[in-house]
Amino acid sequence: MTFLHYQLVVFVSVLCLTRIHRNLGMVVALGWALWSLATLQSPGYIAIQTLIVWTSWYGTWCFLKQKARAGHAPQTADHQTASTRRKATSNALVHNRGHHEELTHALQIVRKELVIVSGWLSDRVVNDQFCGLLANALDRGVNVHIAYGASDRDGQHRLSETASKALARLKEISKRSCKGRLTILQRPTHEKCLVVDKKYAIVGSFNWLANAHYRDRETSLKVHQRRVVVELAAACRREGTRRTDVDSAVSEVA
């Protein structure tokens, strides 16, 4: 084996063992240095091999140290965006007042279609803030589908005074000239769903258009699976019984 072959063996052995552990590489480097002193006759060869030994160890150690730092470095903007995107598209639970925040957020960001299904209506929820956000969404060209109509023991849905006021406010908005369309359906339903642009849906116990006081604990699941969201949106838009005539519905209570 020539002197050059020895240097290659020294370099590879120190490199590989240093990658396993820094101290192990140091021991091997020290062993090769002592071996050089004991076996090589020429001071020049001893100096060359000693230089290769310690350069191999130190260079490998610096490389691994720099790599470790890079692994723990703060995320770049692209990585942060990807992380945020993954977080935004993962399923999550929504509790109590978080539902109101989700409803407000949905009205603000929706671009094409918003589906809201609630067993009951109330003007405590269909208030000035809600109506303003709804009108803005319709002006942006958003189609909004609202369904309600939980049945009582007789199989009927009787409008309360607060529900009548809510329908009257929705009627005012529907008369406005806007790019989007507001559809209101009355049907036997106890569903509580919110579907935004077929991108995500929230399904659970919360009555989106009636619950304003949060007396009881409310929990819903926010899902992003495309197939589930599309099927849920289609089911929520299905008319079932009849389209509500807002004028007659309000006059019945009045």
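The values are calculated or read from the model by the stated rules, or taken from the named source; none is laboratory data. Worth saying up front: this structure is predicted, and the values here are computed from it rather than measured. Because the Cβ atoms are built from the backbone with ideal geometry, glycine has one as well, and the counts that use them run over all protein chains shown.
Suppose we filter Val126, Val144, Val117, Val110 for residues that are touching a Cys at 6+ places or on another chain (Cβ under 7 Å), at pLDDT 90 or above and in the same structural domain as Ile202 (by TED's automatic domain parsing); which single one remains? Write out each step before concluding.
Details: Val126 fails: touching a Cys at 6+ places or on another chain (Cβ under 7 Å); Val144 fails: touching a Cys at 6+ places or on another chain (Cβ under 7 Å); Val110 fails: touching a Cys at 6+ places or on another chain (Cβ under 7 Å).
Only one candidate qualifies: Val117.
State yes or no: is Lys192 surrounded by 20 or more Cβ atoms within 10 Å (Cβ to Cβ), within 19 Å of Leu93 (Cα to Cα) and charged (D, E, K, R)?
Here the answer is yes, as Lys192 does meet what is asked.
Give me the residue from the stretch 147-168 that is surrounded by fewer than 18 Cβ atoms within 10 Å (Cβ to Cβ) and among the charged types (D, E, K, R) and, out of that set, modelled with the highest pLDDT.
In this case the residue turns out to be Glu161.
Hey, can you tell me all the residues within the stretch 152-205 that are within 25 Å of Gly132 (Cβ to Cβ) and part of a strand (DSSP E or B)? If you could, list the steps in order and put the result at the bottom.
First, the residues of the stretch 152-205 that are within 25 Å of Gly132 (Cβ to Cβ): 159-186, 192-202.
Answer for the stretch 152-205, where residues must be within 25 Å of Gly132 (Cβ to Cβ) and part of a strand (DSSP E or B): Leu182, Thr183, Ile184, Leu185, Gln186, Cys193, Leu194, Val195, Val196, Tyr200, Ala201, Ile202.
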